[in-house]
Structure formats: C-alpha cells, structure tokens
1. Simple spin-label model, 7 Å along Cα-to-Cβ: ASN529 to TYR432 in nm?
2. May I ask you to order 544-551, 381-388 by the average number of other C-beta atoms within 10 Å around their residues, highest value first?
3. Let me know the number of lysine pairs in the chain closer than 21 Å at the Cα, not counting same-chain pairs under 8 apart.
4. Using the per-residue mean of other Cβ atoms lying within 10 Å as a proxy for protection, in what order, highest first, do the peptides 277-283, 460-466 fall?
5. Distance between Cα centroids, segment 231-250 to segment 156-205: provide it in whole Å.
6. With the cut-off at 1.5 for a/c, could you classify segment 253-349 from its C-alpha gyration tensor as rounded, prolate or oblate?
7. Among TYR255, TYR432, TYR572, which comes first, second and so on when ranked by fewest other beta-carbon atoms within 10 Å?
8. Non-local amide H neighbours of ASP303 (under 5 Å, H modeled in plane, Pro and chain starts lacking H): which ones?
Amino acid sequence: MRASTQSIVAAVASVLRVFQVNPPILTPEAISHRTLLQDEGGSSGSFVSQVPGCTVTQTLMVHSFANSYGHPYVGPYAPPQCSFNRVTLNLTVRAAGKQFDRLAVAYFGDIEIWRTSTAEPTPNGIIWTYVKDVSHLLSLFTRNQTLIFDLGNLINENYTSPFNATLQATFFTTTDTEKRADLIVPISAGRCASNKSSAWNYHYGGALNTLVLPQNIERAVFTVSATGQMDEEFWYSNVLCSNVHTFGADTLPGYSPFREIQLLIDGDLAGVVWPFPIIFTGGIVRGFWRPVVGIDAFDIREDEIDITPWLPLLCDGESHSFELRVVGIDDNDIRSGLLSESVLTGKIFIWLDCVGSVTSGSYPIANASAYSIALSSAVGTTSNGTNCTLSYTVDVDRQLSISSEVQTSHGTKVAVWQQSLAYSNQGNISDYGDVQVTRQNTLGKATSSEGYSRAFNYPLFVNSTIVQDKSARTLFISASLRRGQDIEISGHSVFPTSLEWFDPRYPEEVGRCGAHPRFSGSRLSTVQNGSAVYFSHGNTSVSPGTTQQDLSFYGIQTQALGSSSVNLVDLYHRHVLAVNDTLVRDEETFPREAN
C-alpha cells in the first residue's frame, strides 16, 4: 500500500498542483517497475524488448496561450530516428491569476489526437501534468506531421491568466505485438492547411466529409469526439422545448436533457454515441474541482463504432459520405432536433488486407427501428398564477443492429455491430427557476463480431441553488453532486485501457502468486461526490468545497476457454479527499502487488 495523508493547512504562498484521478498507464518508468517486480517474483523474463528500439523524450511545444482564440500553436513534428512501438504524451500547464476553464484540442494535421480542458487558476498559481497513452495513433507518429494545438483563451482587465503549456512525447519499445491501425483517416473540418483547428462547431453548420477509402480494408472502426459548449455545456440539465419559457424572460436551455451523437454513412445510421456528462473545472461550482478535477476533464474520452459491416459498400472504389449529427428531443412536434454549440471530430481507424486484394460481400442490413421516447412535464403555479416549479421526465431506449457478410483474402466472415442503450432523466426546478435537481442515468452495451464489447453506466445527481442580486452585484451558488463512471471493456479496443501497465501481454504473467492468464478485459469504476459553494461580490469571489473520489480498476480473466464465467482481479484503487483547495487524503493501493 502506498498512502499519504496531508494535514489541512492552507499553503497560501505555494503553487497548487491539480490532478485527475485515473489508473496508471504504461511508461518506461512503469516498465522498470514491472520488471523489478517480476525479478523479485522469480521470473527470468524481461518486459523490455530485446529488438532494436529507443527510449526518447522529445519536446513538441512550449507555448503561452493568452489572446489565442483563432490562433492555435502550429509547429512541425518529426519522429525520432529509431524504432518504437509505443508513445505517450505529457502535457504540463502553469497558470496564475483569474481565468475561465478552456477547452483544448491537439491535432496532427486534420486528425484530432487529444481533447482536454484547463483548470481554473488561483492568484498564487496552479500547475498540472497529465500523461496520455497515444500508442493507438502509432502510424501518425512514425511520419512528419504538423502539430496544431488549439486552446482558445482571452486576456483582459478581469481575466488575467495565460496558460503556459509544455507538450512532450516519449517514444519507447516493448514486446507488445498488437497490430495497430495501418491508416487513420480524419472526419473533420479539414482546416490544417490554414493553420486552424479542424473541429466542427455545430453552431456553424453540419459535420460531413465525403471520401474514397482503400479497397483492401479488413477492419474499420469510427471514433467520435464531442463536447458540449455554451448552452450545451450542461445539456444534462436542459429542459423540454415546450418548457423553455416556463419562468418568463429568462429562457431555459432546451431540446431536453437527452443527447445522441449519430454516425451516418451515405445517409444511413451506422451507430450512435450516448455521451458521458463532462463537468469542466468551472462547472456547477468551481469549488468542487480544486485540486481534484472532474472525471475525464483532462482526457475527454472518445467512443468507438465498428463499421466493419459497411466494408462491402465502402471498399467499392467510390466516394462515400460520413456525417456526424448531435441530436436532442424537440417535443413541440415529437421528433428529434439537431443542436448547436457542440465541438465535433471523428476519425476512421483502418486495418488493411493484403496489397491488391479487394474487400467485397453483402450490403449491410441495418435494424434501428427499436427506439422509444417517453416524455412528461408539469408546471406548478402560485395562487396568482405565476409559474414557480417545473418537473419533467425523459426516458429513451434504443436497440441497433447492423450486419453483413465481408469477404477478404482470409475468407468470408459475418460482421456485426450491435448496441443496446437505456436513458432516464428526472428533473425538478423550483423557486421560480433558482433551484434545480437533476437525476440522470445512462447505460448501454456495444458488441462487435471483431471480438470487442463495451458496457457502461453513467449515474449523475446534481442539486444546485442560485441566489443573485444584480443591483448589489452579488451571486451565491450552493451545490451537491454525486456522479459515477463504470466501463467494462473486453476484446480489442482501439484505445488503451490501462491494462498495459498490469498485463505485459505475456501468454502468462508470473508473479508472487504464481502464473496468471493474460487479461481478456478490464473494468473501471469511479465515483465522485461532494458539496461546494460560490460567492462573488463585484470582481471578488470565493468558492470553498469538499470533494472525494474513489476509483477501482480490475482485470478480467476468463475462467476457461469458451466459458462465460469470469474472474475480476483487483489491480488498482485510489481514494482522494479534497477540502477547500487542499488535498487532505490520497490513498493509492495496488492489491495484486501486495500478495
């Protein structure tokens, strides 16, 4: 067990170190640690590959983002002159003064490689470092690129802090034999040639590309990155369109609290994403998020949709359209409505068949008809007829299945992509719109015939109260929240899962407890809860709060070949408690190593 407990002492003059709680990732330092443990357990094997390779760290960017809207960092990238099969990115940011949280997106050319956000600084300054495994983007890092890092920021008399960022890449070699995607194709706004961000802002139009793909594809996965902004930032607390004027002139954000991101291929639905509700470091009440930031705030996850069933169509040598839509519910005419203020990109990971082969097969059969929406709302009034309360419910269920026969040089296979999802939201707004309670749960499962599956559960509870006196220039907000993220992944995911740290991909891992089969999947379970307040008077504000987070990470082992029973192996736990900008408790354990 590794644990540290810090006393509640305000380090007034010190720089505050903020962080995101997440499982460890594979780095050269982690390799050394795992090798040491194996040697202690009696293993003669070494995790570090004996083939020629390298361990090199390269600085990609040192830049201060001040008045940077529309002016991203642009610089060249060249790979190191040695062989490598893994890459991590290390982003370190320093800021001091007053500033909003900001969204940041890094690209190689037109392809998004990392979506993150900033913490809100203090007058004495903050610093954070996040390390991201980007080995799934290996084919991009092996050739020259244009790095575009877009972090829009604004400096004026009130908001004084730039974000001083350093981005480094570390390249190294392991015995990892996983076949990475041969080709990664962007589905984006394509503005690299103008030294601009390639994200679509849905406020300014659709998100559609038309392109011709190689004809020898044997597997293809589409990944989606989407973030709500402006009225869409707190989409999970939005109301039905029929209720947006419930409390008079102050219009409430609409299109319901339900969001679906749709992928359409040649106009046909190919898959959907039901997003995790990201809460940025200024979200709800900023006192929640120092020094512990919200789940995924520094590494906003992408979701994947297997489009292998579409290969007989996509490999015909003709052009095909790929469109992303962000959809809510417009209950005024009981139909889905397109939304604005979302930042979108996508990309296609492609694994190629033999040179000269042509993938063929049957046209995909899609069944997306199993879809239901149930809505209700009620408005409460005072004795004089003034609206004072609003309650509403939204329930959505979707079943989606797409299948085809795909013929490659390896033979004919049945390719299937299936999704099953359920969503519920109960909202209550009272005190003429100043008090809001949101209870939401999103769960689902996606399964691919390529051996991949992902199940998730996203519970969310938020209770907030606002008291504002505009004449006195005062604002008071109090809030409590509880939120979770449970993700179980089996098989071949496009993205690293953190199993790489614990499972060095030996046929068997030898440790102190003997031999263990390699893991077939992973389970991540994390919960945040807390309470916080915010008070401002003029340009002065304070925001005390308490937040704790528990994270557990497990490896999944199948008991026997063909067996449906599984064994969960405790791999990692972390529990943190922060009170009033101070880290009070940080307990980190590796249960398997303690055996």
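1. 3.4 nm
2. Values: 544-551: 18.6, 381-388: 9.9.
Sorting 544-551, 381-388 by mean packing, highest first, produces 544-551, 381-388.
3. Numbers: LYS132/LYS179; LYS132/LYS347; LYS179/LYS347; LYS179/LYS413; LYS196/LYS347.
Final tally of qualifying lysine pairs is 5.
4. Values: 277-283: 22.7, 460-466: 17.9.
The densest-packed peptide leads the list: 277-283, 460-466.
5. 32 Å
6. oblate
7. On the way: TYR255 25, TYR432 16, TYR572 22.
Fewest to most other Cβ atoms nearby, the residues stand as TYR432, TYR572, TYR255.
8. Here VAL224 satisfy the definition.
Each value in this text was obtained by applying a stated rule to the coordinates, not by laboratory testing. What you are looking at is a predicted structure, and each value in this text was computed from that prediction instead of being measured. All Cβ positions, even for glycine, are placed from backbone atoms using ideal geometry, and neighbour counts span all protein chains on display.
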